[in-house]
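In what follows, a structure is listed as structure tokens, so that the remarks can point back to it.
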Amino acid sequence: MKKGKLSDSELACIKGMLDENCSAEDMSKQLDRPVSVIEKELEKIAKQRERDQLFINKTESGNEGVSIMTQHASMKIDDTRQDRTSPPQRNDCIHKIYDNK
């Protein structure tokens with residue numbers, strides 16, 4: 001079995017096989033890599049795809065530098081706002097080094 005960092009072509013193969021619903025075991029056999037390495041990469045891809053669904057960072061023409069919140073991201077933020085209570089009270093913000101006796 002191969003060791004070391006996955007090459008760019010291997011990463012592209014993993015993404016392509018993921019789109020074709022191949023299992024991690026099949027991917028590891030075809031790429032001659034351990035299943036654990038493939039599973040770690042699949043987790044990274046899943047996290048990246050989840051992040052990509054929250055914000056749009058490219059325009060249709062391919063320009064970058066914009067950030068548009070999707071409906072899913074907006075709903076996720078609204079849910080966290082409902083779970084929040086009032087801000088914590090900060091009564092002990094002033095500290096005295098010496099007590100004036």
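Report relative contact order for region 1-73 in percent, whole number only (criteria: Cα-Cα under 8 Å, sequence separation at least 6).
Values: 50 pairs, mean separation 15.8, N = 73.
Relative contact order comes out at 22 percent.
Which semi-axis lengths, in whole Å and largest first, follow from the square roots of five times the eigenvalues of the Cα gyration tensor of region 8-53? It would help to have the intermediate numbers written out before the result.
On the way: eigenvalues 63, 22, 18 Å².
So the equivalent ellipsoid measures 18, 11, 9 Å along its semi-axes.
Loop-located GluC sites (Glu not before Pro) across region 1-58 with a Cβ neighbour count of 15 or fewer within 10 Å are Glu20, with loop assigned by DSSP.
For the cross-link pairs Lys15/Lys76; Lys5/Lys29; Lys3/Lys29; Lys3/Lys47, which exceed 20 Å when the distance is taken from alpha carbon to alpha carbon? Violating the 20 Å limit, Cα to Cα: Lys15/Lys76; Lys3/Lys47.
Mind listing which trypsin sites (Lys or Arg not before Pro) in region 1-67 are in a DSSP loop and have 16 or fewer other Cβ atoms within 10 Å? Display every interim value, and only then the final one.
Details: sites: Lys2, Lys3, Lys5, Lys15, Lys29, Lys40, Lys44, Lys47, Arg49, Arg51, Lys58; in loops: Lys2, Lys3, Lys5.
Taking region 1-67 and a limit of 16 other Cβ atoms within 10 Å, the loop trypsin sites (Lys or Arg not before Pro) found are Lys2, Lys3, Lys5.
Only the coordinates and a few stated rules stand behind these numbers; no lab work does. Please read all numbers here as calculations on a predicted model, not as lab measurements. Neighbour counts run over all protein chains shown; Cβ positions are idealised from the backbone, glycine included.
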